[in-house]
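As C-alpha cells, the structure follows; a few thoughts come after it.
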Amino acid sequence: MTEKKQLRQREDVPEEQTWQLTDLFTDTAAFNLACEELIGQAHDIASHQGTMLHSADELYTTVAAYFRAEELADRIFNYGEHLYNSDMTAAAGQSASAQAQQTVTAFNAATAFVTAALPHITSTQLADFYQKNPKLRRFDFIFTQAQQRQAHILPAGEETLLSALGQTITAPESIYNKLNNADIDFGTMKDSHGNLIPLSKEKIYQLYQSPDRQVRRTAAEKFATAYAHSAYTFAEAWQQHVHTQNTVAQLRHYHSAREMDLASQFIPESVFTTLVDTVHEFLPSLHKYYALRKRVLRLDPLYAYDLSVPLVGEAPLKPTYEKAQQWALAALAVLGDDYVQHLQEEFGNRWIDVAENTGKLSGGYEEDAFGVHPYVLLNWSNTYRAASTLAHESGHAMQSVYADAHQPYWYSQYSMFIAEIASTCNESLLNHYMRSQFQDNHRVQAYLLTESVEDLLNTIFNQTKYAEFENYAYVTDAQGDSLTPDKLNDKTAALDALYAGDDVAPNPWANNSWARIPHYYMNYYLYQYATSKAVANTLAKRILTDPATAVPQYKEFLSAGASDYPLAIVKKAGIDMTKPDYIREALQVFDQQVDELAALLDVE
Ligand SMILES: [Zn+2]
C-alpha cells in the first residue's frame with residue numbers, strides 16, 4: 001500500500017494542468033449575466049404555454065427558442081459544475097454551482113411544458129405544420145420520437161397524479177442509498193502489518209488486492225457481515241423498488257419494466273436476451289481464465305476474494321502525464337489525422353483538468369459544452385490505469401467534437417446506450433498499441449494482457465451476470481412472488497457458480513453481494529456496459545485489421561450524435577446489435593487473450 005501523499009492546494013497547480021473555464025464565460029460578471037438572460041428566455045418561452053400547438057409558426061418559434069435556451073442552460077451548468085468540482089472547498093465554486101443549479105432548475109420548471117406537449121401532436125397535424133412552415137422539419141426526429149411515446153402517455157389527470165407521487169416512486173432507492181452509504185458500518189480490521197484500520201468500501205476493494213490472503217479473506221468477511229446485519233431491510237428496499245417499477249410499467253401499458261426501460265432509448269428487448277444467450281456461449285472461456293488464475297497464484301481452492309490479486313505483481317508501467325499523451329496520440333493515430341488533430345487541441349488548449357489537488361472531485365469525467373468544447377476532469381497518477389483513463393475520457397470528448405461539428409445542438413447529445421463505445425474503444429486501441437511497443441518484454445505483455453482480460457471480464461461477463469440477476473428480480477415480482485434475502489442469496493449463488501465454473505470455490509457467506517450494487521436501482525442500466533464494451537472491442541479489432549473500411553464507418557458513428565435511433569447509429573459503424581455476431585467477435589478476442597496470457601504465465 002502506498003503512503004497517502006500530501007496533496008497540493010488548487011492555487012499551487014500549474015495553470016497548464018487546469019482547464020480553461022474562461023472559454024465558457026470570461027468572468028463571474030459574464031456568468032451572472034448569462035443566468036439572468038436564461039431566466040428572461042424562460043419567461044419568453046413560457047408565454048407560449050397553451051398556444052404552442054395552435055399553428056406551425058407558434059410551434060417553430062417555441063421549439064427553436066427552447067433549444068437555444070437549453071444550449072445556454074448547458075453552458076451555465078458546465079461552468080458551475082466544473083468550477084465547483086475543481087475545488088469543492090472554495091467559496092467561488094460553491095456559489096457558482098448553487099447559482100447554476102438554481103437557474104437551470106427554474107428554466108426547466110418554466111419550460112417543461114414544451115417537451116410534454118410534443119407527444120400530443122398527431123401525424124396529420126404535423127404533416128400540415130410541415131407544409132405551412134418547412135423549417136419545422138429540422139426537428140423531425142424529435143417529433144417522431146415524441147409520437148412514438150404517445151401510446152404510453154396517460155391522460156393529463158393521471159400524469160399529474162403520477163408526477164405528484166414522484167418522490168414516493170423513488171423512495172426505495174433513497175432508502176437504499178441511506179442504508180448503503182450512511183448506516184452501514186464495516187468496522188475495523190488488522191492489516192498485514194498488524195495495524196488496526198477503519199474499513200470503507202474503497203478500503204475493502206484495495207485490500208482485495210493484498211498479496212496477504214488472510215487480509216483478503218478478513219476484508220471479504222467484514223464486507224459480507226455488514227450487509228448481513230441489514231439483510232431484510234436491503235431485500236425489502238429492493239423488492240419495493242422492483243414492484244414500483246413493475247407497477248409503473250403496467251400503468252403505462254408496457255408488458256414489463258424491461259420493455260419500458262429499454263424503450264426509453266428505443267432498444268428492442270432482443271438486444272438484452274441476445275446478450276445473455278451469447279455470453280453464456282462463452283462461459284467456457286471465462287472458466288479457462290479462472291483456471292489459469294488458480295494455477296498461476298497456486299491457490300486451491302480459489303475463492304472470489306482471490307480474484308482481484310494482480311497476476312503480475314507490481315504494475316510495471318509508470319508513465320508521466322506527458323508520456324501518456326504521447327501514447328494516446330500514437331495509439332489513436334490509426335483513426336486518422338483529423339482525429340489526432342482534435343486530440344492535440346484537447347491536450348494543448350486546456351480542455352483537461354489534469355492534476356489532483358485538495359478538495360477536487362475524485363475519479364474522472366467528460367462533459368460537453370456545445371459551441372465551446374468538451375471538458376475532461378482527471379486525477380492524474382503515474383500509472384497505466386491513468387493513461388487508459390486519459391484515452392477513455394478523450395474518447396468521450398472526441399465523440400462530442402465530431403457530433404457537435406456535424407449536428408445541430410438538439411441532435412448533438414448522444415444517448416446513454418452508445419456513450420461508452422467510443423471511450424472503451426480507445427482503451428482497447430491503447431492496450432493494443434502498448435503491447436506492440438513492448439513485444440519483447442514478457443512482464444509488460446502479461447500485465448497489459450491481464451488489464452485487457454480483466455476489463456472484458458468486468459464489463460462483459462460480470463455486468464451481464466448482474467443484468468441477469470436484475471431481470472430475475474423483475475420477473476419474480478411480476479409473478480407475484482416475494483424477494484426474500486434467502487431467495488436473492490440463492491439466485492446470486494447460482495449465477496456466481498454458473499459464471500465462475502468449477503475452479504472458483506463457493507463462499508456461502510458472501511452470497512449477499514447483491515445488496516452492494518447501487519446500479520440495480522438504475523432500471524436495466526447495467527446490460528449497457530456489456531453491450532457497449534462488446535461493440536467497442538469488436539470495433540477496435542476491425543479498426544486495426546481493416547482501417548480502410550472501419551475508420552470511415554467509425555467517424556460516421558461519432559458524427560451522428562443523437563440524430564437517429566441508438567441502434568441505427570451503431571449500425572453506421574458496421575455493427576448490427578440485434579444479432580449475436582458482435583458479441584461473439586468481442587468474446588473471441590477475450591478467449592484468444594486468455595490463451596496468450598496462459599502462454600506467458602503458465603506455471604505447469
Ligand atoms: Zn466513460
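Tabulated data for the structure shown
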{"read-out": "Some residue of the stretch 179-190 being outside any loop (DSSP other than H, G, I, E, B), touching a residue at least 40 places away in the same chain (Cβ under 8 Å), of a type in the set (A, V, I, L, M) and in contact with a Ser or Thr (Cβ under 8 Å, 6 or more places away or on another chain)", "value": "yes"}
{"read-out": "First in the stretch 356-372 and outside any loop (DSSP other than H, G, I, E, B), second anywhere and within 16 Å of the ligand (Cβ to nearest atom) and of a type in the set (D, E, K, R), Cβ under 6 Å, 6 or more apart", "value": "Glu366/Glu393"}
{"read-out": "Members of the stretch 476-490 that are in a helix (DSSP H, G or I) and closer than 14 Å to Trp238 by Cα", "value": "Thr476, Asp477, Ala478, Pro485, Asp486, Lys487, Leu488, Asn489"}
{"read-out": "Residue in the stretch 400-407 that is in contact (Cβ under 8 Å) with a residue 12 or more places away in the chain, crowded, with 18+ Cβ neighbours inside 10 Å and out of contact with any helix residue (DSSP H, G or I) (no Cβ under 8 Å at 6 or more places or on another chain) present", "value": "yes"}
{"read-out": "Residue check, Asp277 loosely packed, with under 15 Cβ neighbours inside 10 Å and outside any helix (DSSP H, G or I)", "value": "no"}
{"read-out": "Output for the stretch 474-512, where each listed residue is under 26 Å from Pro284 (Cα atoms) and of a type in the set (A, V, I, L, M)", "value": "Leu488, Ala493, Ala494, Leu495, Ala497, Leu498, Ala500, Val504, Ala505, Ala510"}
{"read-out": "Residue check, Phe266 surrounded by fewer than 17 Cβ atoms within 10 Å (Cβ to Cβ), farther than 20 Å from Gln479 by Cβ, of a type outside the set (Ser, Thr, Tyr) and within 26 Å of the chain's Cα centre (by Cα)", "value": "yes"}
{"read-out": "Output for the stretch 308-320, where each listed residue is surrounded by fewer than 17 Cβ atoms within 10 Å (Cβ to Cβ) and not acidic (Asp, Glu)", "value": "Ser308, Pro310, Gly313, Ala315, Pro316, Lys318, Thr320"}
{"read-out": "Residue within the stretch 86-104 that is in contact with a strand residue (DSSP E or B) (Cβ under 7 Å, 6 or more places away or on another chain) and either of a type in the set (Ser, Thr, Tyr) or surrounded by 12 or more Cβ atoms within 10 Å (Cβ to Cβ) (or both) present", "value": "yes"}
{"read-out": "Number of the exception - Asn379 against (1) surrounded by 15 or more Cβ atoms within 10 Å (Cβ to Cβ); (2) in contact (Cβ under 8 Å) with a residue 12 or more places away in the chain; (3) in a helix (DSSP H, G or I)", "value": "(3)"}
{"read-out": "Top-ranked residue in the stretch 356-376 [being closer than 16 Å to Asp87 by Cβ and more than 12 Å from the ligand (Cβ to nearest atom); ranked as surrounded by the fewest Cβ atoms within 10 Å (Cβ to Cβ)]", "value": "Ser362"}
{"read-out": "Which listed residue is of a type outside the set (Ser, Thr, Tyr) and surrounded by 14 or more Cβ atoms within 10 Å (Cβ to Cβ), from Ala117, Ala112", "value": "Ala117"}
{"read-out": "Qualifying residue in the stretch 210-224 (condition: among the acidic types (Asp, Glu) and either under 30 Å from Ser415 (Cβ atoms) or loosely packed, with under 12 Cβ neighbours inside 10 Å (or both))", "value": "no"}
{"read-out": "Selection count, the stretch 38-85, where residues are under 16 Å from Lys135 (Cα atoms) and either surrounded by 19 or more Cβ atoms within 10 Å (Cβ to Cβ) or among the hydrophobic types (A, V, I, L, M, F, W, C) (or both)", "value": "11"}
{"read-out": "Residues within the stretch 399-448 that are in a loop (DSSP other than H, G, I, E, B) and more than 16 Å from the ligand (Cβ to nearest atom), tallied", "value": "7"}
{"read-out": "Out of Ala387, Ala391, sole residue that is buried (at least 24 other Cβ atoms within 10 Å of the Cβ), away from the ligand (no atom under 13 Å from the Cβ), over 14 Å from the mean Cα position of the chain (by Cα) and closer than 19 Å to Asp455 by Cβ", "value": "Ala387"}
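Residue by residue, here is whether (1) over 17 Å from the mean Cα position of the chain (by Cα); (2) part of a helix (DSSP H, G or I); (3) among the small types (Gly, Ala, Ser) holds:
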{"site": "Thr492", "(1), (2), (3)": "yes, yes, no"}
{"site": "Ala497", "(1), (2), (3)": "yes, yes, yes"}
{"site": "Ala510", "(1), (2), (3)": "yes, yes, yes"}
{"site": "Pro552", "(1), (2), (3)": "yes, yes, no"}
{"site": "Lys555", "(1), (2), (3)": "yes, yes, no"}
{"site": "Lys579", "(1), (2), (3)": "yes, no, no"}
{"site": "Gln588", "(1), (2), (3)": "yes, yes, no"}
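For every residue, the table says whether it meets (1) in contact with a helix residue (DSSP H, G or I) (Cβ under 6 Å, 6 or more places away or on another chain); (2) among the polar types (S, T, N, Q).
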{"site": "Leu456", "(1), (2)": "yes, no"}
{"site": "Asn471", "(1), (2)": "no, yes"}
{"site": "Asn489", "(1), (2)": "yes, yes"}
{"site": "Asp496", "(1), (2)": "no, no"}
{"site": "Trp509", "(1), (2)": "yes, no"}
{"site": "His519", "(1), (2)": "no, no"}
{"site": "Ala540", "(1), (2)": "yes, no"}
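Quick note: the coordinates plus some simple rules give every number you see, no bench work behind them. Source: prediction; values computed, not measured. For neighbour counting, all protein chains shown are included, and Cβ atoms are generated from backbone atoms with ideal geometry for every residue, glycine included.
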